[in-house]
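K.L.:
Before we start, here is the structure in question, set down as structure tokens.
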């Protein structure tokens, strides 16, 4: 074949104008890159459509314990409830049964403990708002509270009692005897709820609310209230520490008239299962190792002898 003929055949495959093969390849490569970028954009968009609320919920429920360990601090909300939580008169530091319990948990976690004091009524809302990691303050485990937060297994059993001066023992034996009497209760606590329940069910008592149980006892001492609803163990601690002549109301057989008997629990934000499991594991170890026995002896062996 002649050279001239080959030239003519080659011309047939040229792209018109100055659009050479090299330029054609470059354009194809650019198109490929553009298509890839568009695909990546669609993929990112799909990921971005995941609900931020759902993502936060997953993080909180699965990694709260890891977050605590990462920052090295366990934040604990509490309210003064002697002998569970109170200030050392010499140092001002928080001491008590619950304080030692929380410190034991923090030690097992390998983190520092940060205490945040607040009124008792603010404990559960603060936990719900994640202002703290857990709360402990001689908190009764009750169905209505279990709807709001997750509780550990009970670490101690106690109950609600009536407290009055000895001369009222003959007059008050049951809640029915509280009609026309002034009853001191702590805001947000079980006693306050019980007082409102009794009023709603026809027992015409007068409920007087206090931010702190200690203040209600002071008013009881001087006659501003007739009876106080309070925790049994906390009442024993007050009577012993103050050398008071106040007494816990008993029935005709001389037995303590418990208005309720419940367990005390540590609460975490709903869904913090990993943290709750760890707390329950530590509480179980404390029972088995005799730690709770020592705490009970140290803080709760409260004779009422005056």
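All of the numbers you see were taken from the coordinates with simple rules; none came from a lab. Keep in mind the model is a prediction, meaning the values are calculated, not measured. Cβ sites come from the backbone with ideal geometry, for glycine too, and all protein chains shown count toward neighbours.
K.L.:
Quote the Stokes-Einstein diffusion coefficient, in whole µm² s⁻¹, for segment 56-162, based on the Kirkwood radius over alpha carbon pairs, a temperature of 4 °C and a viscosity of 1.567 mPa s.
P.N.:
Using the Kirkwood radius from Cα pairs, D works out to 87 µm²/s.
K.L.:
Moving on. For a Förster distance of 30 Å, can you work out the FRET efficiency between the beta-carbons of residue 112 and residue 211, rounded to the nearest 0.05?
P.N.:
The computed FRET efficiency comes out at 0.55.
K.L.:
Still on this model: How far is the Cα center of segment 74-123 from the Cα center of segment 250-291, in Å?
P.N.:
That distance is 16 Å.
K.L.:
In nm, what is the difference between 0.36 nm times the number of residues separating residue 297 and residue 146 and their Cα-Cα distance?
P.N.:
Gain on extension, residue 297 to residue 146, equals 51.4 nm.
K.L.:
Sticking with this structure for a sec: Give, in nm to one decimal, the length gained when the segment between residue 176 and residue 201 is fully stretched (0.36 nm per residue of separation minus the Cα-Cα distance).
P.N.:
Value of the extension gain: 8.0 nm.
K.L.:
Quick check: the distance between the Cα centres of segment 214-235 and segment 162-209, to the nearest angstrom?
P.N.:
11 Å
K.L.:
Next question, about the same structure. What ranking do 147-153, 93-99, 107-113 get when scored by the average of other Cβ atoms within 10 Å per residue, highest first?
P.N.:
93-99, 147-153, 107-113
K.L.:
Right, another one. Taking the mean number of other Cβ atoms within 10 Å as a proxy for protection, how do you rank 241-254, 209-222, 72-85 from highest to lowest?
P.N.:
72-85, 209-222, 241-254
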